[in-house]
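Here's the structure we're looking at; comments come further down.
The values are calculated or read from the model by the stated rules, or taken from the named source; none is laboratory data. Remember, it's a predicted structure, so these values are computed and weren't measured experimentally. Counting neighbours? That spans all protein chains shown, and the Cβs are built from the backbone with ideal geometry, glycine included. Side chains are part of the model used for accessible areas, which takes the heavy atoms of the whole protein and leaves out ligands, DNA and RNA. Shrake-Rupley method; radii C 1.70, N 1.55, O 1.52, S 1.80 Å.
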Amino acid sequence: MNKSLRRALLTVAAAALAVATVASCSVDGGDSTGDKPVIRVGYQTFPSGDLVVKNGGWLEEALPDYTIKWTKFDSGADVNTAFVAGELDFGALGSSPVARGLSDPLSIDYQVAWILDVAGDNEALVARNGTGITTVEDLRGRKVGTAFASTAHYSVLAALDRVGLSATDVQLIDLQPQASLAAWQRGDIDAVYTWLPTLDEVRKDGTTLVTSRELAAAGKPTLDLAVVARGFAADHPDVVTVWRQAQARALTTIAEDPGAAAKAVAAEAGITPAEAEAQLGQAVFLRPEDVTSAQWLGTDGKPGALANNLQSAAQFLAEQKQIPSAPALADFQDGLYVTGLPDAAAQ
């Protein structure tokens, strides 16, 4: 990336973060009070093991010599902005934002360290009732909301492409989940591609046109991933191991004690346990041993096929003129943090 573009991106990132977050120092520098060093974790409120870990205070318990600073973000684009500005050590975001982040012009220096979930019915394209829209083809010329640079943005482009439409055939509007819900309720948009918990709200008076589960079956899968800053992982592999163990414990809890997982997600997302359990049932959660399989993240020295998935996403984004070009497969393999796996994922 040229210096002027990088400088511009950093300026935008800093401005956005000044509004969205309260800055803290990194784990190396300690917090603002000079007490414990801070580990900065960016999270989103889509149902996942990340919320189970946060609600249970598992990182705080396992890393008592650190302060864990959790910062909420609305989309993967915002998480990428935070990493560009050097404000996060860990972050949760979708596979499309990660593919974008590992590509020019962003070229963010982070690596995928965990798979939170594989998108299923927890992300979908929904048309507002009363618009007369019953198929994706009916979206021609209509206003469609989605959070740009997110998995939902990637998926709406894939859904349009699947029926022979392009982004220019519709009126795509950049809206974060809460903003899209407000626009939906005002009647300002005709359809929206979004994720839980906002998705459940628009479904109440909308018609689902396509889900991410269907798009995955058609060759355009998306995932929710967790990344770690490359420098942080290199300096603190022990912390990454503890963090992975907490994430593995959360996946096991979702599989074996869904009631407890739902209670934790409900508390973090501001919904009822019944709603949380229903939402958790719409995504595909891997077992820890599957996360570290050759099909997904891989193991130490053997990056998995997730790299191929990310490259495919980048190639599609390049075709859609969202990024200049897709990096080589080797770049995405290098973008997977497999050091210590599979042992680091053991509980």
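Some observations on this one:
- Extension gain for Asp104-Ala260 works out to 52.0 nm (0.36 nm per residue, less the C-alpha to C-alpha distance).
- Helix 177-186 and the long axis of the chain differ in direction by around 20°, with both axes built from C-alpha atoms.
- Stretch gain in nm, segment Ala328-Glu289, where the contour uses 0.36 nm per residue and the Cα spacing is subtracted: 11.3 nm
- Separation of alpha-carbon centers, the stretch 224-246 and the stretch 39-118, rounded to whole Å: 10
- Dipole axis of the stretch 109-157 (+1 Lys, Arg; -1 Asp, Glu on Cβ), positive-most option in Tyr110, Ser150, Thr135: Thr135
- Inter-label distance, nm, simple model (7 Å from Cα along the C-beta direction), Asp205/Ala267: 3.4
- Translational diffusion of the chain was estimated from the Stokes-Einstein equation, with Rh taken as the Kirkwood radius over Cα pairs; at 4 °C and 1.567 mPa s the coefficient is 64 µm²/s.
- Amide proton proximity set for Leu286, modelled H, under 5 Å, gap of 5+: Val118
- Degrees between helix 306-319 axis and first principal axis of the chain (Cα, 0 to 90, nearest 10): 40
- Between the Cα long axis of helix 258-269 and the first principal axis of the chain there is an angle of about 80°, rounded to the nearest 10.
- The stretch 92-236, Rg to Rh (Cα coordinates; Rh as Kirkwood inverse mean 1/r): 1.01
- Comparing mean-square fluctuations of Thr168, Thr81, Thr253 from a GNM of the chain with C-alpha springs under 10 Å, the top value falls on Thr168.
- Choice from Thr131, Thr211, Thr151 showing the highest fluctuation, given a GNM over the chain with Cα pairs closer than 10 Å: Thr131
- Each Cα pair under 8 Å and six or more residues apart adds its separation to the average, and for the stretch 181-294 the resulting relative contact order is 17 percent.
- Pair-distance distribution P(r) for the stretch 157-315, from all Cα-Cα distances in 5 Å bins starting at 0: 2, 7, 12, 16, 18, 16, 14, 10, 5, 1, 0 percent.
- Measure of compaction for the stretch 49-109 (Cα Rg per 2.2 N^0.38 Å): 1.26
- Greater than 28 Å apart at Cα, pairs in Lys204/Lys263; Lys54/Lys302; Lys143/Lys220; Lys54/Lys220; Lys69/Lys143; Lys69/Lys220: Lys54/Lys302; Lys54/Lys220; Lys69/Lys143; Lys69/Lys220
- Distance from the stretch 186-205 to the stretch 152-168 (C-alpha centre basis), Å: 17
- Dimensions of the stretch 200-264 from C-alpha coordinates, computed as largest minus smallest value along each principal axis and given longest first, are 48, 31, 21 Å.
- Distance in nm between pseudo-label sites at Asp35 and Lys72 (7 Å out along the Cβ direction from Cα): 2.2
- Gaussian network model of the chain, Cα within-10 Å springs - most flexible of Asp224, Asp35, Asp188: Asp35
- Spatial extent of the stretch 229-347: Rg and Dmax, with the Cα atoms as the point set, Å: 16.9, 45
- Working from label points 7 Å from Cα in the Cα-to-Cβ sense, the Asp343 to Asp138 distance is 5.7 nm.
- Here the stretch 139-190 is described by how far its Cα atoms reach on the three principal axes: 29, 22, 12 Å, from widest to narrowest.
- Mean residue ellipticity (222 nm) of the chain, computed from DSSP H runs ≥ 4 via -39,500 (n - 2.57), nearest 500: -12500 deg cm²/dmol
- For the chain: accessible area per residue (Å², 1.4 Å): 40
- By the Stokes-Einstein formula, at 0.692 mPa s and 37 °C, the stretch 296-342 with its Kirkwood radius over alpha-carbon pairs has D equal to 300 µm²/s.
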